[in-house]
Structure formats: C-alpha cells, structure tokens
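Here is the structure we will look at.
The values are calculated or read from the model by the stated rules, or taken from the named source; none is laboratory data. These numbers were taken from a predicted model, which means no experiment stands behind them. Virtual Cβ from ideal backbone geometry, glycine too; neighbours counted across all protein chains shown.
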Amino acid sequence: MNRAPAIAPVPRRLHPRYWPTWAGIGIMRALARLPVGAQLRLGRALGLALAPFARERRRIARINLRLCFPELDPAARRRLLRAHFASLGAGAFEIALSWWAPARRLRGRAEIEGLEHLQAALARGRGVILLSAHFTSLEIGGRLLALHAPFHVLYREHKNPAFESVMRRARARHFEKAIPREDMRGLLRSLKENRAVWYAPDQNYGGEHSVYVPFFGVPAATITTTSRIARISGAAVVPFFPRRLERGRGYRLTIYPALEDFPGEDPAADAARINRIIEAEILKAPEQYLWVHRRFKTHPAGKNVLYRR
C-alpha cells in the first residue's frame, strides 16, 4: 500500500496571523522608494498621529522622562514626549530606508566624526566592541556606518517570526554578519577575527549578570557583559552614536576614542561609566532616545515598581 507523501508544514512566519505583518512590510518597502525628506516628514507625522493610541508606551515614556529629567517642568516634558513620538515615527521610516534603499541613495547623507578611532582600535588586532545605545536612529545609523566601515552586529531576535525573517535577511545583506544576542560564542569568534561588533548594553535584561547603577540618577539594572567580553577577548571598546540632524540635514555619526583602562577592577564601576557615556549622548538630542522601553523594569524596590499605575 502506497502512502501519501508527507506534506511539509507551513513555516510559522507564513501563518495567517502574520499576514497583517507581511502587509505592513510590503507598505514599508513601497514607502522606502519615496524621497528621503518626504519619508521623514511622513514618519514624524505618523508618529504624532499614532501617539494617542499607544497609551501604554506613552505612559512608560512619560514615567521615564519624569524620572530622568525631574528638573523639567511638566510642560517641557510634554513637549519632549511629543518630540519623542515624532522621532519614533521617523525611525520607523528609517528602518525601511536602511533595509531596502540602495547604497547610492544613502551616500553623502552622513557626517562621520572619528572614523580614525575605529581604525586605530582595529589596528590593535584584538577586535572592537562598537559600544552604542538604543536611539530611534540606530538602524539607519548602522547602515550608514557600514558604507564606510564594515562591521558585525549583535541583535535581539524579534518575537514576530515574519518581521524577524525580513529583519535578519536585511541585516545579512548590509552587514558582514548578524549575530543573535544569545550567541556569545559567535560574538567572541568575531572579535577573535579582529572584527568590529555593534553592541548596545543599555536595555533592562533583568537581574542576571546585572548590577544596579545610576542612569540619570535612578538605579537601573545594567548588564556587566561589556566588561566580561572585553576582558575575555582583549577587544577595545569604542563608543559609537548616530544622531539625526535637524531640518532633514542628514545624520551625524560620532565615533569616540577607545575607552582607556577598560575593563577596570570593578564591573559595577564599568557599568556606571558606560551609563554616563550614554547619558552624555542622550542629552545632545533627548527626544531621539528610546524612552518607550521600560529601562527601570527591575528595581531594588521591586519589579515594575516605578511603572505601576
């Protein structure tokens, strides 16, 4: 008796529940063909239009801004919150631009400061941890830097398999290598090969491998992995931050000299030092930082205590 051939299971990313995601991706790809200036204007308008519907994220951002900028009066924080959602909208369009725009459309759109610092760090031959943070312009900033200095990128896999598959393919096209955040062996292998690896330690990953050190004066769970990787690999730690310039004037990519005496003897002191570096960069354009993330989700007083209603 002949058995019917087995039917291959449908990939999870193609399940009907993800069809709206695929539709959104198609719209993003189509909009990426618009002139860059029009994309950013449309993105800012979309971010402002959707802000009233993103109630929980707006609440989280409002709490973060109150905690980190207590010196601002309520009206100033409201203006900053509004500017942040405009920046989020622009960042969404920049994702499409960075994934699908050809290099010829992006060349010349960025001012790069300090590229020599990255080159000098690579000349040491031990790899480079390209220390960054979660700004709304991080995706386009990475794509623009890759046009001048190839590097590997450490990233967190997206929970939506449809979005994840597109994101992974896009990053594989534009970066030398995309490494899932959990693949520490892959990260160390890249450093051993004397590659630069983009790495952002500024989100709250819980208590494991974290210490509570100040972030804008508030105790924040901050991972000590940066120190551990630098110690194991001998890699230089080179801060890198992108910033969107005003009035559509492009972007400024700033690369700083490799950190001296890093790692130190105390991982907590190293983590606090990194937070101070990120704080200084945030203050240059505070609306462009990712305030909708629960940076203080874990806290010495209890989980989510600062975000309770």
Of all the residues that make up region 184-213, how many are touching a strand residue (DSSP E or B) at 6+ places or on another chain (Cβ under 8 Å), modelled with pLDDT under 90 and over 22 Å from Phe135 (Cα atoms)?
2
For region 191-242, enumerate the residues that are crowded, with 18+ Cβ neighbours inside 10 Å, farther than 18 Å from Pro180 by Cα and among the charged types (D, E, K, R).
none
Qualifying position, being farther than 28 Å from Arg189 by Cβ, of a type outside the set (Lys, Arg) and in contact with a Leu (Cβ under 8 Å, 6 or more places away or on another chain), among Glu281, Glu287:
Glu287
Scanning region 138-179 residue by residue, those acidic (Asp, Glu) and assigned to a loop (DSSP other than H, G, I, E, B) turn out to be Glu157, Glu176
Would you check if there is a residue in region 199-212 being free of Cβ contacts under 8 Å to residues at least 60 places away in the same chain, more than 27 Å from Leu147 (Cα to Cα), outside any helix (DSSP H, G or I) and in contact with a helix residue (DSSP H, G or I) (Cβ under 7 Å, 6 or more places away or on another chain)?
yes
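Yes or no, residue by residue, for (1) modelled with pLDDT under 95; (2) more than 23 Å from Asn64 (Cα to Cα); (3) touching a strand residue (DSSP E or B) at 6+ places or on another chain (Cβ under 6 Å):
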| position | (1), (2), (3) |
| --- | --- |
| Tyr251 | no, yes, yes |
| Tyr256 | no, yes, yes |
| Asp266 | no, yes, no |
| Arg276 | no, no, no |
| Lys284 | no, no, no |
| Gln288 | no, no, yes |
| Leu306 | yes, no, no |
If you go through region 274-288 one residue at a time, do you hit one that is in a loop (DSSP other than H, G, I, E, B), in contact (Cβ under 8 Å) with a residue 12 or more places away in the chain and more than 30 Å from Arg79 (Cα to Cα)?
no
How about region 100-132: which of its residues are surrounded by fewer than 23 Cβ atoms within 10 Å (Cβ to Cβ), at pLDDT 95 or above and not in a strand (DSSP E or B)?
Gly114, Leu115, Glu116, His117, Gln119, Ala120, Leu122, Ala123, Arg124, Gly125, Arg126
Filter result (under 21 Å from Tyr307 (Cα atoms) and among the aromatic types (Phe, Trp, Tyr)) within region 68-119
Phe69, Phe85
Restricting attention to region 289-308, and to residues there that are farther than 18 Å from His134 by Cβ and touching a residue at least 60 places away in the same chain (Cβ under 8 Å), which single residue is surrounded by the most Cβ atoms within 10 Å (Cβ to Cβ)?
Leu306
Exactly one of Ala23, Ala38, Ala30, Ala51 is assigned to a helix (DSSP H, G or I) and either at pLDDT 95 or above or under 20 Å from the mean Cα position of the chain (by Cα) (or both), and that one is Ala51
